[in-house]
Protein chains: 2
Amino acid sequence: MSSPEGADAARAVPDVVQDASGDRLARAASIGRGAAVLAFDVGGTDIKSALFDENGTALGLRRTPTPPAGPDMPGRLVARLRDLAAELQEQHPQIVPRAVGLVVPGIVDADAGIGVFASNLGWQDAPLRDLAGEAFGLPVAFDHDVRSASWAEHVLGGARAYSNAVVLIIGTGIAGAILVGGRPYTAGGYAGEIGHSPIAEGPQCPCGARGCLETMASAGAIARRYTEATGAVVDGAKEVIARANAGDDVAARIWNEALDALTLAIAQLTAVVAPEAVVIGGGLSRAGDALFDELHRRLAARLSFHRIPALVPAELLGNAGILGAALRAREVA
Amino acid sequence: MSSPEGADAARAVPDVVQDASGDRLARAASIGRGAAVLAFDVGGTDIKSALFDENGTALGLRRTPTPPAGPDMPGRLVARLRDLAAELQEQHPQIVPRAVGLVVPGIVDADAGIGVFASNLGWQDAPLRDLAGEAFGLPVAFDHDVRSASWAEHVLGGARAYSNAVVLIIGTGIAGAILVGGRPYTAGGYAGEIGHSPIAEGPQCPCGARGCLETMASAGAIARRYTEATGAVVDGAKEVIARANAGDDVAARIWNEALDALTLAIAQLTAVVAPEAVVIGGGLSRAGDALFDELHRRLAARLSFHRIPALVPAELLGNAGILGAALRAREVA
């Protein structure tokens, strides 16, 4: 439900370079040759927008605020996207986009072109593909942000080697997507909500269910739970992990509980979906070995005959969503 | 891992009639017109065998003991199957089978024709399809018993209306299978092990993992936990449920915990796999409304934006596995 990619900082991975603008938004990898397309990754806080040229390079990639939720949010959002496109066209008049890729969070029925529900954006059953099609006069590919991101990880990133994989983006919340036979598995938009899979009796989740994975194990939950327990405001989960490593017992307990919750959820995925790999991105993935090695050790200790999946870092950072949107746009161009 | 169908008694459902032999094995529904095939559903305790004629009717359907585990189990099993086939051929000399369907429990790599692991049967990496092919001189379709059963439920039974469904067989253990887009989803044989999906920290499961669903919620676990708590030997889960309804507090607690565990597991499936339906068979499904209505009520209470699946009784009773084996055999005939 949430859009957990957050402001992923660049780190040293292939095909990703630090953006010179200083806004910590990594420049996207190329998506390869094909039609020029416009791409938008709409989140609860901001919109990433770019024009991809025929070489597959992202031009004018930037992040601007999402319009506030309120009356006619779908109409106001599409108007904002048109303004962003007009600026991109003005900067790059020689690039003529042939299609638009638009990805949004929440429950998304991609086949029908409908944003079914998004708590942060305040729409229900919004016909976003048709609205964008009218606004742009171009074919529009419409998809879920994290499924789109997982698709980009499959085509360009950490899930390249796997046709059956689960992508988990662990940031403010936890979002997931499932690849089956090299294709996204959607179930009408309802599949892959691993962050809102209940793993325990509590705590209550803002989504209305209780015991959802993301109430224990998202980067946001780790920081919030530490602040609730100690009163200390911290700079995200990474500070809680650093405090745990420095001998802070409360931080150690909260980090340990988050790892246990993630282990349980991945163990369930292993038993039921049996992916070859779980690709983990989002802010928490920057914990590196402290996360990946420890999850693998706990999974192996808790399961038996099951096939333990490879645990693989996502490679595309915060740009997976917009790269996926551009890849999707190419399919309808 | 276990083979939980057990001795399903017949009940009044379409296309299934009581076998006159008195062994409580329901006669199979027709699988429709096609090639004559031999079909075998091998379990830890017994083998169901039958010859399906060109009308799709099962001839000589019966249950005989599985050879005891031990040295060269795959070879001894295939020899037993050949003996059973010879008897069927003697009884029905005019029916010439064109293929063999063989389904077994455990971890099964159907594509490779390998029984990877089955704790009750004592094999590892057994090339069962090739062994059976040599023994019969016929094409052999080889599959997992519960995936085969779920396929039969999809073609002939309770899952007919759903292309994305999960089939749960709740008996001695809990076995599951996943249909995606109307096809079994296998993940090299590792998918669908819902009975061995961990839902809690404990208890220890005989499979080696801990907190597996089937340690709390199988019919076998319900009876065993009641006996452990009271010393009273009961006639299966149905007696525990009857005692709960009659005011026995221990029985009520154990039945309530089993329902909670099933609710949690189905809630996780709902969030992650989002099937349109969960088809429930095996002995526990005969609890009827006490199971289905209560699970639906608890699922609705515990989830939020998720799409609650239809909860549907399986229709093919203990014959789903052998019907699936026959359907699979038709594919290679």
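Summary of values
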read-out: Net charge dipole size for the protein assembly as shown [Lys, Arg +1 and Asp, Glu -1 on Cβ; Debye, nearest 20]; value: 140
read-out: Where N is the number of residues in the protein assembly as shown, Cα Rg divided by 2.2 N^0.38 Å; value: 1.03
read-out: Inter-label distance, nm, simple model (7 Å from Cα along the C-beta direction), residue A:46/residue B:130; value: 5.8
read-out: Dipole of the protein assembly as shown, positive direction: furthest Cα of A:81, B:128, A:139, with charges on the beta-carbon; value: A:139
read-out: Shape of the stretch A:200-275, Cα gyration tensor, a/c cut at 1.5; value: oblate
read-out: Label spacing, shortest first and in nm, from residue B:59 to its equivalents in the remaining copies (7 angstrom along Cα→Cβ); value: 7.4
read-out: Chain B: angle of helix B:219-230 to the longest principal axis, Cα-based, in degrees nearest 10; value: 50
read-out: Exam field: residue B:252 pseudo-label spacings to other copies (7 Å along Cα-Cβ), nanometres; value: 4.4
read-out: Förster-model FRET efficiency, 41 Å R0, residue B:96 and residue A:331, C-beta, rounded to 0.05; value: 0.25
read-out: The stretch B:161-314: C-alpha gyration tensor shape, a/c 1.5 cut-off, then a/b vs b/c; value: prolate
read-out: Listed residues B:60, B:173, B:283, most fluctuating in chain B (Gaussian network, C-alpha, under 10 Å); value: B:60
read-out: Whether chain A is rounded, prolate or oblate, judged on the alpha carbon gyration tensor where a/c under 1.5 counts as rounded; value: prolate
read-out: Per-residue ³J(HN,Hα) for the stretch A:237-247, Karplus 6.51 cos²θ - 1.76 cosθ + 1.60, θ = phi - 60°, Hz, x for Gly and Pro; value: 4, 5, 6, 5, 5, 4, 5, 4, 5, 8, x
read-out: Point-charge dipole on Cβ atoms (K/R +1, D/E -1) for the stretch B:161-314, about Cα centre, debye to 20; value: 260
read-out: Degrees between helix A:320-332 axis and first principal axis of chain A (Cα, 0 to 90, nearest 10); value: 40
read-out: Candidates per trypsin sites (Lys or Arg not before Pro) in the stretch B:49-88, loop by DSSP, up to 15 other Cβ within 10 Å; value: none
read-out: GluC sites (Glu not before Pro) lying in DSSP loop within the stretch A:33-107, provided at most 14 other Cβ fall within 10 Å; value: A:54
read-out: Positive-end residue, the stretch A:161-314 charge dipole about Cα centroid, Cβ charges, pick of A:268, A:301, A:288; value: A:268
read-out: Cα centroid of the stretch A:282-300 to Cα centroid of the stretch A:187-218, whole Å; value: 20
read-out: MRE, 222 nm, helices only [DSSP H, n ≥ 4, -39500 (n - 2.57), over chain B, to nearest 500]; value: -11000 deg cm²/dmol
read-out: Positive-pole candidate from A:311, A:329, A:65, dipole of chain A, charges at beta carbon; value: A:311
read-out: Relative exposure of B:285, B:197, judged by other C-beta atoms within 10 Å (fewest first); value: B:285, B:197
read-out: Helix axis angle, A:249-272 relative to chain A longest principal axis, alpha carbon, degrees; value: 70
read-out: Ascending list, in nanometres, of distances separating the residue B:297 label from those of the other copies (7 Å, Cα toward Cβ); value: 4.6
read-out: For the protein assembly as shown, share of DSSP beta bridges that run antiparallel, in % to the nearest 5; value: 60
read-out: Estimated inter-spin distance, residue A:59 and residue B:293, nm [label 7 Å along Cα→Cβ]; value: 6.6
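Readers should treat all values here as calculations from the given coordinates under stated rules, not as data from a laboratory. Remember, it's a predicted structure, so these values are computed and weren't measured experimentally. Positions of Cβ are generated from backbone atoms using ideal geometry, with glycine treated the same way; all protein chains shown enter the neighbour counts.
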